[in-house]
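The values are calculated or read from the model by the stated rules, or taken from the named source; none is laboratory data. Note that the structure is a prediction, hence the values are computed from the model and not measured. All Cβ positions, glycine included, derive from the backbone under ideal geometry; neighbour counts span all protein chains shown. All accessible areas refer to the heavy atoms of the entire protein, side chains included, with ligands and DNA or RNA removed. Shrake-Rupley method; radii C 1.70, N 1.55, O 1.52, S 1.80 Å.
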Amino acid sequence: MLGHLESSGLQDLFPLTNSDSKTDLIQRVRDARSGITMFGLTRNFYGTDELRDLFVAKSHEVPVRVFIMDPFCESRKDRYRLEPAEAAMEDPARYMREVLTPLAEAARAGGGDFKIYLFNFPCSFALEMIDDTMRVMLYGHGKRGTDGPILVFDRGSAETGPTPYWQYFEDQLAWIQRLADADEVPEPWRSKGIRVVPC
């Protein structure tokens with residue numbers, strides 16, 4: 001069993017979103033050399049002054065892509081049916097005012113390569129790919145998103161290539177990016193109402 005763990009590329013674990021996991025994220029964003037791609041439900045932390053300003057600054061050095069669930073889509077309403085009453089951003093208007101609008105305005109005004117997209121389908125985890133590191137935060141049932149454990153994987157070695165764990169998550173980010181880049185969402189996703197659109 002230990003052999004599988006050693007070859008997984010698992011670098012670190014955080015029991016939930018806390019000061020240690022936030023410090024880890026901030027440092028990784030500061031040190032980014034090739035790209036930053038973020039995906040998740042609300043990503044409220046991205047709307048803080050510190051991280052928003054850091055994204056804008058880094059977008060002059062590397063591409064920054066943020067994928068956030070459309071606050072008015074049916075999948076978002078369904079997700080909040082599973083979260084406890086204390087989940088802070090259930091109100092879409094409040095979320096738009098306090099998180100998404102300031103983040104989108106900063107991206108547009110910042111002058112760098114910073115793009116935000118909205119998607120309209122369910123998600124079971126958040127993904128944060130920064131260079132050769134993938135942070136995966138699980139979304140549980142009856143739990144707030146910030147209560148989920150965070151697993152931190154590396155890509156793998158140059159000799160062996162990407163680990164299967166890295167590849168699984170990277171493939172999903174690549175799929176989302178393809179939908180965002182397409183002039184029209186291809187089938188079969190178009191008929192299923194899947195959307196990934198610029199914010």
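For the reader, a short list of remarks on this structure follows.
- So Lys143, is it open to solvent by 20 Å² or more (accessible area, probe 1.4 Å), in a strand (DSSP E or B) and either under 28 Å from Val185 (Cβ atoms) or in contact (Cβ under 8 Å) with a residue 60 or more places away in the chain (or both): no
- One residue stands out among those in the stretch 44-59 that are open to solvent by 20 Å² or more (accessible area, probe 1.4 Å) and within 23 Å of Ile176 (Cα to Cα): the one that is farthest from the chain's Cα centre (by Cα), which is Val56.
- Pick from the stretch 44-77, criterion assigned to a helix (DSSP H, G or I) and aromatic (Phe, Trp, Tyr), ranking: modelled with the lowest pLDDT: Phe45
- For the stretch 22-43, filtering for residues that are modelled with pLDDT of 95 or more and either open to solvent by less than 60 Å² (accessible area, probe 1.4 Å) or hydrophobic (A, V, I, L, M, F, W, C) (or both) leaves 11.
- Of the residues making up the stretch 104-136, those that are touching a Lys or Arg at 6+ places or on another chain (Cβ under 8 Å), on the phi < 0 side of the Ramachandran plot and of a type in the set (Asp, Glu) are Glu128, Asp132.
- Per-region count, the stretch 105-117, residues in a helix (DSSP H, G or I) and surrounded by fewer than 21 Cβ atoms within 10 Å (Cβ to Cβ): 4
- Cβ separations smaller than 7 Å between residues 6+ apart or across chains give the following pairs from the stretch 103-116 residues that are among the aromatic types (Phe, Trp, Tyr) to residues that are in a loop (DSSP other than H, G, I, E, B): Phe114/Ser59.
- Residue that is of a type in the set (A, V, I, L, M) and closer than 18 Å to Arg52 by Cβ, where the choices are Leu127, Leu118, Leu151: Leu118
- Of residues in the stretch 147-166 being farther than 16 Å from Gln11 by Cβ and open to solvent by 40 Å² or more (accessible area, probe 1.4 Å), the one modelled with the lowest pLDDT: Ala158
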